[in-house]
């Protein structure tokens, strides 16, 4: 095994580690909220058991809060499961808009820490692409980190997809970037090339482009 191969595998593992760590933090936050509200429910139950009159609405409010966090955790489970299966095959046919939604989910925590909102604008019709999904998510993740890092707090980064007979394109556009020239790491440009794509920087945006002959 060459040093280059070792470096590529280590970079892939680091990417996986970042994603899993971010999701574990969010899971822990949901569990903390559930635990807090479950404790309040227990206190209210004890108060009711002692004969103290209570407003049923308080129970309903706490149950709703717990339900919201259960739904949030369920959605995160679906997302991390989808990410895990991105390594199943070296080539899978996927819908590009769905890949953007997953990419936004994987970068949700880094964006929140920078107080940047990610907005996904799906294509008006399905855009089918056969690609190594794990590699695609790495490319989108690194492009998003570049855009997030360049964005001012309180701004947005918009992800959109478009396609034609000759080209498919993902655009990552900060709405208020502190830097106008966005340049992703060279290693990601190389990875994009291995996926048959190129990365272009244009008018303060990053674009991942697949051109058809």
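Every number in this text was worked out from the coordinates using simple rules, so none of it is lab data. Treat the numbers as computed from the prediction; the structure is a model and nothing was measured. Cβ atoms come from the backbone with ideal geometry, glycine included; neighbour counts cover every protein chain shown.
From helices alone, the chain scores -19500 deg cm²/dmol at 222 nm; the rule is -39500 (n - 2.57) for each run of n ≥ 4 DSSP H residues, then divide by the residue total.
Where does each of 83, 27 land when they are ranked from fewest to most other beta-carbon atoms within 10 angstrom?
Working: 83 20, 27 15.
Lowest to highest Cβ neighbour count: 27, 83.
Summarised in one figure, the compactness ratio Rg/Rh of region 66-143, Cα atoms and Kirkwood Rh, is 0.99. With equal scatterers on the alpha carbons only and no solvent term, can you work out the Debye log10 of I(q)/I(0) for the chain at 0.13 1/Å? Values returned for q = 0.13 Å⁻¹ are -0.79. By the count of other C-beta atoms within 10 Å, a proxy for reagent exposure, 19, 94 are ordered fewest to most as 94, 19. Restricting the calculation to Cα atoms, every distinct pair contributes to the Kirkwood radius of region 3-85, found to be 15.6 Å. Geometric descriptor of region 90-211, per residue, is 89 Å³ (volume of the convex hull of the Cα atoms). Taking 7 Å steps out from each Cα toward its Cβ at residue 119 and residue 93 produces label points 3.3 nm apart.
For 99, 47, the sequence from fewest to most other C-beta atoms within 10 Å is 47, 99. Taking 154, 196, 51 in turn, the Gaussian network model of the chain (Cα-Cα springs below 10 Å) assigns the largest fluctuation to 51.
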